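Remarks on the structure that follows.
Where a number appears in this text, it was derived from the coordinates with a stated rule and is not lab data. In this text the structure is predicted, and so the values were computed from the model without any measurement. Using ideal geometry, Cβ is built from the backbone for each residue, glycine included, and neighbour counts are taken over all protein chains shown.
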Ligand code: WQD
């Protein structure tokens with residue numbers, strides 16, 4: 001089977017390509033390297049001893065998508081290609097809507113032209129906005145997003161819902177990722193954001209290697225156990241493997257439709273718990289200070305992923321210690 005992966009050299013895309021290749025799928029990949037590096041292709045080959053059939057280009061370019069669909073008999077599309085920095089999206093909303101929303105419209109148009117009607121879309125827990133009840137289930141309301149990144153994912157979910165009604169042949173899975181962290185245990189691929197990391201784990205990892213001096217803990221007055229923000233961190237390899245379950249589900253669906261699944265562990269950990277775990281498993285000291293809250297942050301967010309377990313046969317198996325160990329292993333191998 002031929003799987004077309006957009007954003008194939010990105011953080012989630014690259015780890016998913018590894019699992020797809022290891023599972024015996026043929027992978028056709030597209031990336032414009034706007035937030036990744038070409039060398040990831042070689043790292044994926046080193047890990048799997050298999051190659052991706054790679055095309056360099058932009059999802060907004062209809063001609064490259066047409067070329068890929070003409071040259072390859074695509075069975076399923078897995079769409080990761082998007083900008084994903086929350087703070088950045090507040091500063092550059094239009095570029096987020098063009099890149100994250102218009103690109104999906106172009107993709108769907110070309111898929112319809114080539115009669116490719118199986119899609120996995122990478123959405124985000126951010127579409128839930130602030131929820132008072134935990135854990136979060138897929139039935140909870142979405143919509144009160146607090147930043148253009150989350151809103152762009154929300155817009156695409158609405159588009160896919162409308163598509164599913166208008167074209168019932170489409171089989172669509174929407175994965176709402178909670179907080180993907182960590183790296184492949186080989187240390188060859190991982191989260192390697194350009195510049196200063198916006199997210200907690202890559203920042204901690206760079207403080208551990210002294211590339212960054214001190215972590216700012218954004219607020220210790222939240223309504224949580226120790227006052228710091230609580231999130232559902234999920235190992236990137238667990239997250240990547242869920243896409244194999246998703247492809248199986250799409251192939252076994254007797255009729256079209258759109259299915260939504262949370263991908264998380266169901267456990268929430270605070271910032272201070274993350275710091276302590278990272279220090280313990282890696283035998284390092286993380287220098288941190290308490291800083292003011294970051295605007296747009298919420299107190300607590302963790303998933304109920306029982307629907308993915310029941311319907312996809314998927315559950316996360318790696319724990320916070322694995323996440324911290326693999327995240328650190330990646331940065332020390334890629335300094
Ligand atoms: C986690 C916790 C911060 C950095 C975002 C997106 C989400 C997904 C993951 C794409 C919070 C605290 C962080 C720091 C800190 N991305 N923190 N100091 O905001 O939960 O989710 O990234 O899909 O869609 O919204 O992740 O790692 O930025 O923050 O104290 O330097 O760590 O306040 O409590 P977040 P995060």
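Observations, loosely collected:
- Restricting region 117-128 to residues that are free of Cβ contacts under 8 Å to residues at least 60 places away in the same chain and not in a strand (DSSP E or B), the residue that is farthest from the ligand (Cβ to nearest atom): 127
- Taken over region 177-186, the criterion of being touching a strand residue (DSSP E or B) at 6+ places or on another chain (Cβ under 6 Å) and either more than 22 Å from residue 129 (Cβ to Cβ) or more than 9 Å from the ligand (Cβ to nearest atom) (or both) is satisfied by 182 alone.
- Count of residues meeting criterion [in a loop (DSSP other than H, G, I, E, B) and surrounded by 19 or more Cβ atoms within 10 Å (Cβ to Cβ)] in region 308-335: 3
- Residue that is nearest to the ligand (Cβ to nearest atom) [pool: residues in region 250-296 that are closer than 18 Å to residue 312 by Cβ, under 20 Å from the mean Cα position of the chain (by Cα) and not in a strand (DSSP E or B)]: 264
- Some residue of region 298-305 being away from the ligand (no atom under 14 Å from the Cβ) and either touching a residue at least 24 places away in the same chain (Cβ under 8 Å) or assigned to a loop (DSSP other than H, G, I, E, B) (or both): yes
- Top-ranked residue of region 271-285 - restricted to ones that are over 16 Å from residue 329 (Cβ atoms) and in contact with a helix residue (DSSP H, G or I) (Cβ under 8 Å, 6 or more places away or on another chain), ranked as surrounded by the fewest Cβ atoms within 10 Å (Cβ to Cβ): 285
- Of the residues in region 82-92, at least one is in contact with a strand residue (DSSP E or B) (Cβ under 9 Å, 6 or more places away or on another chain) and crowded, with 17+ Cβ neighbours inside 10 Å.
- Considering 189, 204, 196, 247, the condition of being surrounded by 20 or more Cβ atoms within 10 Å (Cβ to Cβ), under 20 Å from the mean Cα position of the chain (by Cα) and within 11 Å of the ligand (Cβ to nearest atom) is satisfied by 204 alone.
- Residues satisfying the stated conditions in region 211-235, i.e. near the ligand (Cβ under 9 Å from one of its atoms) and without any contact (Cβ under 8 Å) to a residue 24 or more places away in the chain: none
- Any pair with Cβ under 7 angstrom, 6 or more apart, that starts in region 138-149 at a residue that is free of Cβ contacts under 8 Å to residues at least 24 places away in the same chain and ends at one that is within 11 Å of the ligand (Cβ to nearest atom): 140/128; 142/127; 142/128; 143/129; 144/129; 145/126; 145/127; 145/129
- Single residue of region 250-270 satisfying the filter (surrounded by 15 or more Cβ atoms within 10 Å (Cβ to Cβ) and without any contact (Cβ under 8 Å) to a residue 60 or more places away in the chain) that is farthest from residue 310 (Cα to Cα): 270
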